[in-house]
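**Q** Please find one structure pasted underneath; my questions will follow.
The values are calculated or read from the model by the stated rules, or taken from the named source; none is laboratory data. Predicted model, so just to flag it, every value in this text is computed and none were measured. Every residue, glycine among them, receives a Cβ derived from its backbone with ideal geometry; neighbour counts consider all protein chains shown. All accessible areas refer to the heavy atoms of the entire protein, side chains included, with ligands and DNA or RNA removed. Shrake-Rupley method; radii C 1.70, N 1.55, O 1.52, S 1.80 Å.
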Amino acid sequence: MIRRPPRSTLSSSSAASDVYKRQVSTQSTGIATIAGGDAGGAQTTTLSSGSSAVTGFANPQFLSVMSYVVHCSHCYVAECSELSTYIINILKASKTTLDPETRMSFVQNLILLRSKDLVSAETTLPLFFDLLLIRDKHLRKIILSHIVSDIRKVNMPGKKNGAKVNKAVQNFLFSVVKEDDPIQARKAQLVMIDLYRRNVWADEKTVQVLTSCCFSRHTAIVRTSLRFFLLQLPKVSSVDDSEDEEERDAGRIISKLKQKLKVKKKTKKRTRILGRDVKHHTRKYDKEREEEIWMSKQHIDPVRLLRDPQQFAEQLLQKLQRTSERFDVRILYLSVIARVVNEHQIVILQLYAFLERYMEPTQLHATQLLALSTTCVHRLVPPDAVEPLVRSIANHFVNDRSEPDSITIGINTIREICKRQPLAMNKTLLGDLAEYKGQRGDKGVMMAARALIQLYRDVYPDLLPARFQGTSASAIQRKAIRAVNADGTEMVQKSVVPSFGSAKPLMEIPGMELLLLHYSKKAEEGADGASTLMGGDAESGSDSDSDYTSDSFETESEAFFSSVHTSDMSDNEDDAHTDEPPKLVPVDTKKLAVKI
């Protein structure tokens, strides 16, 4: 920590400043001309644009003097007012010809001046983005890290002029993204995504700018934007733009390792080495995947912040139909479209016809495409648009020539689609699929067919053949709807066809009966254990609080859950509170414990 020196040392600091400025003129021979000076040591430097280059060797003395002056600049603001101008002008004039060590020192000192608030962010940001064009990974990493940390400090509560500076920085970064430069736009995109990951710019405006990156001319920018909407948020890194990010994917690395074993002679040693490398990359991929899933739960889903999800999804689909990108990029397009359709319940009819072309068992990433086709279906999608997709899956996956695994996947996919839209199934196709219930030799196919039959027993039993509708009392009850006439008599009506777009409201908390059953069994086990230990002494058991039987628990449980549906109105008019909501009366947990 540098302490503020007394005023008596002002002359020494001014002398150091003069030494620095003289060395600036010496270091930038041919680019700088020094004109005049005053008693305080301030000078005016004019850089000529038609100069040659700075020497390609670092000057340690010059760098040490510059570092000393910058570290003391906050103590002598007036004397060092033009210090940032010198550094910026030299970097602008000879950023490509400077020695890497000298250029790095200039950048670090400029960052230090920015941290001391002696230079504005509006002045440094354009220079930093120009320096990103230089092929220097370490320099890029330092610049990007500084930009992110600087914006975070600006957005801290109580920061002076924080809102004004933040708005100016946002406008600059958004303008860089719109220019669509392959390097600068990508780095600005990484900065915005990293700030979104840190909940600094997690707003609608940032998401709207990143939606425009999905329609960029550069594949790297498009890939990063699509992954952002899938909550795969990358960190600010210094990865070279020419390096393919997909080459770091674990699946591709494992495929290359296996391919090497096919080319070379297969031996036990090479097989053992291959297995060890595959396990290493798989473990690393699984760990990174778990971290991504955990981080995705900590952020707001950017799909929810879209201003016009219908237009965004339609534009993505139009670009997907025209694109010539690699297949993995097309999968990213389909994944984002499916998430938007499912989240906002929008309808894009041409999407389901587009998905039919990929419904082949031999298609690359067939299971992922089937999952995406299921995600694109919801209750507001017209059944006429989904029925051809279901028929295509059944024709290609579920037939006599298909493998058992293919049949199982096809039936399960159809079941998930029909679970979201039951009217997408017709009676003939459902009868054919239900016949797989009796297929022997593969348990997965039988279980998939039974699950499909059970689904339609619940939602639309009349569509099933008569012998698959079931004969149990529960099945007969599911096929009927009980209604009450005006006079109070019960009337049984035949079930009707599920209406399009209808939603079944929840009348009770799902799974509540399982909670009751769990506590009932727990109370019975406690009562049985207590009676065994006490030797069957009925008198002592009746006087003790430990014999909490299942009957008493059921009584208290019924009182507890019935209190949800009752009010606190009393017969006494003085104690009646009709405006108050019903209160829950909790069960005393101490009574549930069996005292031994």
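**Q** Is it the case that segment 399-412 has a residue that's outside any helix (DSSP H, G or I), over 23 Å from TYR460 (Cβ atoms) and of a type in the set (Ser, Thr, Tyr)?
**A** yes
**Q** Do we have any residue at all in segment 266-287 that's over 22 Å from ILE193 (Cα atoms), outside any helix (DSSP H, G or I) and of a type outside the set (Asp, Glu)?
**A** Yes, there is a match, as at least one residue in segment 266-287 is over 22 Å from ILE193 (Cα atoms), outside any helix (DSSP H, G or I) and of a type outside the set (Asp, Glu).
**Q** So which residues in segment 313-365 are within 25 Å of the chain's Cα centre (by Cα), assigned to a loop (DSSP other than H, G, I, E, B) and over 14 Å from CYS214 (Cα atoms), if there are any at all?
**A** Hits for segment 313-365 are ARG326, GLN345, ILE346, VAL347, ILE348, LEU364, HIS365.
**Q** So, one more: What pairs come up if the first residue lies in segment 270-297 and is under 17 Å from LEU231 (Cβ atoms) and open to solvent by less than 90 Å² (accessible area, probe 1.4 Å), the second is part of a helix (DSSP H, G or I) and at pLDDT 75 or above, and their beta carbons are under 7 Å apart, counting only those six or more places apart or on different chains?
**A** none
Per-residue answers, yes or no, for (1) in contact with a Ser or Thr (Cβ under 8 Å, 6 or more places away or on another chain); (2) of a type outside the set (Ser, Thr, Tyr); (3) in contact (Cβ under 8 Å) with a residue 40 or more places away in the chain:
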site: GLU356; (1), (2), (3): yes, yes, no
site: VAL377; (1), (2), (3): no, yes, yes
site: VAL381; (1), (2), (3): no, yes, yes
site: TYR436; (1), (2), (3): no, no, no
site: ARG440; (1), (2), (3): no, yes, no
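**Q** Just the residues that are open to solvent by 20 Å² or more (accessible area, probe 1.4 Å) and among the basic types (Lys, Arg), please, taken from segment 93-112.
**A** LYS95
**Q** Also: Among the residues of segment 370-393 satisfying the criterion of being under 23 Å from THR211 (Cα atoms) and not β-branched (Val, Ile, Thr), which is surrounded by the fewest Cβ atoms within 10 Å (Cβ to Cβ)?
**A** Checked segment 370-393; the qualifying residue surrounded by the fewest Cβ atoms within 10 Å (Cβ to Cβ) is LEU372.
**Q** Can you pull out the helices (runs of 4 or more DSSP H) entirely within segment 113-199 that have at least 1 residues that are open to solvent by 10 Å² or more (accessible area, probe 1.4 Å) and under 21 Å from SER73 (Cβ atoms)?
**A** Those helices (runs of 4 or more DSSP H) span 121-131, 137-154, 162-179.
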